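Single-structure report; data block below.
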Amino acid sequence: MKEIKALSLFSGGLDSILATRLVMDQGIEVVAVQFVTPFFNYHILEDIEGHKARIRSRFGINVEVFDISDGYLQLLRNPAHGFGKNFNPCIDCKIYMLSRAKEMMADLGAKFLITGEVLGQRPMSQRRDTLNVIERDSGSRSILLRPLSAKLMVETEAEKEGWVDRAQLLDFSGRGRSKQIRLAAEYGITDFPAPAGGCTLADPILSRRVSQLYSEDSVLQPAQITTTDVRLLLVGRQFILPGGGWLILGRDERDNDKLEVLAGPDDALLWMEERPGPAALLRRAASWYEDSSSMEKELDLVASLVVRYGKKIDSIRPPGEVTCRLQGNSWIITAEPLEDTIFQDWMR
């Protein structure tokens, strides 16, 4: 067996699975690196070891997981190659991940990189000219092997050095997936993800929320944006209150649970004990307002919104007692339901 190791950028999609297996079949040890951010794969962090075991069992691939959230949030401030149809910086995303992977090569003992990219499959990031830009800007031109389309591309160092046999690589191109599906069947792989993109930044609705967070009208400066901010942005109903406070209101029990988990020490968390309704999180309540009276005024509005979206009793929404928790203290706010006409302009 060759004493050569490669590092594969592993998304969990079929193309990255096949690219990794193709190189493994040539006797090369492959470390599959799966990056996570709040926009893709973040749920993996809840059970990394379980995820690694599932990938190994299903596909025979050893995967390592790395959280690159902080750097990714900085990338979104001003991606050099701009955005796609939504708020997706696909080209800069590839460059960033390849650059990070290249930095890991020495520590992991890898000689070259692998991706599952297929020439012409994606209109923005997998055109030939774009693939060349990604190689150039990530500094990976000679060490990046794309096994699924290798025969349509210039030989890489791995092929020239004989680490991999170019004859055993493929010439896939275009947007069709029939060849990939046939190859998967040859490997006995039938349980693989659908091809739909899993990146929140490509979602036309959720990406709009993220773009607003990075806009000039945002409640936060770009340097203030944290991973928790982004995760909260993708939960429930979103409001900007008259005093500038950022409010998230749960739509269901799952949202409520997320808000409770994500609430920080400076966040106010509000809910009703006596009847079903939303949890509400007022982000950075303890530090956002100039004085306590301004904060208390906004908390009263939040309590009224919690009552408004709470469950009706006998077809009406009566006043409710809303528990407010902030910085270890709890108290009750008695609130009337807020009229819809009052808060419609606060919704985002």
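What follows is calculated from the coordinates using simple rules that are stated; it is not laboratory data. Everything numeric in this text was worked out from a predicted model, so none of it was measured. Please note: Cβ atoms are built from the backbone with ideal geometry, for glycine as well, and neighbour counts cover all protein chains shown.
Computed over the Cα atoms of the chain, what is the convex hull's projected area averaged over all directions, in nm²?
Details: hull surface 82.1 nm².
If I average the Cα hull's projected area over directions, I get 20.5 nm².
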Quiz item: Which residue, chosen from I68, L152, V31, occupies the Cα position most advanced towards the positive end of the dipole of region 5-186, where the dipole is computed from +1 (Lys, Arg) and -1 (Asp, Glu) charges on Cβ about the Cα centre?
Solution: L152
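With an 8 Å cut-off on Cα pairs and a minimum separation of 6 or more residues, tell me the relative contact order of region 5-186 in percent.
24 percent
Taking the Cα centre of the chain as origin, sum charge times position over the Cβ atoms of Lys and Arg (+1) and Asp and Glu (-1), and report the length of that vector in debye to the nearest 20.
Values: 43 positive and 49 negative charges, 311 e Å.
Value, rounded to 20: 1500 debye.
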Exercise. Pull out the extension gain between E161 and E29, defined as 0.36 nm times the separation in residues minus the alpha carbon to alpha carbon distance; nm, one decimal.
Key: 45.9 nm
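Which FRET efficiency value, to the nearest 0.05, do you get for D340 and D107 by plugging their Cβ-Cβ distance into 1/(1 + (r/R0)^6) with R0 = 51 Å?
Values: r = 56 Å, r/R0 = 1.10.
Once rounded, the FRET efficiency stands at 0.35.
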Quiz item: Counting alpha carbon pairs within less than 8 Å and at least 6 residues apart, what relative contact order, in whole percent, applies to the chain?
Solution: 13 percent
Quiz item: What's the angle, to the nearest 10 degrees (0 to 90), between helix 292-308's Cα axis and the longest principal axis of the chain?
Solution: 80 degrees
Practice problem: Express in whole angstrom the spacing between the alpha-carbon centres of region 250-309 and region 62-81. | Solution: 30 Å
Self-check item: Given charges at beta-carbon only (K, R positive; D, E negative), |dipole| of region 5-186 in Debye
Solution: 640 debye
Self-check item: Size of electric dipole in region 235-346: Cβ of Lys, Arg +1 and of Asp, Glu -1, about Cα centre, debye, nearest 20
Solution: 300 debye
Quiz item: Tell me, what HN-Hα J-couplings in whole Hz come from the Karplus equation 6.51 cos²θ - 1.76 cosθ + 1.60 at θ = phi - 60° for each residue of region 154-164, using x for Gly and Pro?
Solution: 5, 4, 9, 4, 4, 7, 5, 7, x, 5, 10
Quiz item: Hey, what's the per residue convex hull volume over the C-alpha atoms of region 285-348, in cubic angstrom?
Solution: 106 Å³
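Please give me, ordered by residue number, the GluC sites (Glu not before Pro) of region 148-183 that lie in loop per DSSP and have at most 16 other Cβ atoms within 10 Å.
Filter output for region 148-183: E155, E161.
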Self-check item: Amide H partners (placed H, <5 Å) of L145, local residues excluded
Solution: L113, I114, T115
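List the trypsin sites (Lys or Arg not before Pro) in region 232-271 that DSSP assigns to loop (not H, G, I, E or B) and whose Cβ has at most 16 other Cβ atoms within 10 Å. Which are they?
Numbers: sites: R237, R251, R254, K258; in loops: R251.
Answer by residue number: R251.
What FRET efficiency comes out for I332 versus D171 if R0 is 51 angstrom and r is the Cβ-Cβ distance? Round to the nearest 0.05.
Values: r = 69 Å, r/R0 = 1.34.
Once rounded, the FRET efficiency stands at 0.15.
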Quiz item: Out of residues 5 or more away from E29 or on other chains, whose amide H comes under 5 Å of its own, with H placed 1.01 Å from N in the peptide plane?
Solution: I4, A6
Self-check item: For Y187, net neighbour charge (Lys/Arg +1, Asp/Glu -1) across residues whose Cβ lies under 12 Å away
Solution: 0
Self-check item: V36 long-range amide H proximity, modeled H, under 5 Å
Solution: F66, D67, I68
Self-check item: From phi via Karplus (6.51, -1.76, 1.60), per-residue ³J(HN,Hα) for region 211-217 in Hz, x at Gly/Pro
Solution: 5, 5, 5, 8, 7, 5, 8
Exercise. Give a residue-ordered list of calculated ³J(HN,Hα) values for region 28-45 (Karplus: 6.51 cos²θ - 1.76 cosθ + 1.60, θ = phi - 60°; whole Hz; x for Gly, Pro).
Key: 9, 6, 10, 9, 8, 9, 10, 8, 10, 9, x, 9, 7, 6, 5, 4, 4, 5
Self-check item: Loop-located GluC sites (Glu not before Pro) in region 205-285 whose Cβ has at most 15 other Cβ within 10 Å (DSSP)
Solution: E216, E273, E274
Practice problem: Show which lysines lie in cross-link reach of K111 when reach means a straight Cα distance below 26 angstrom and same-chain residues fewer than eight apart are skipped. | Solution: K2, K5, K52, K94, K102, K151, K160
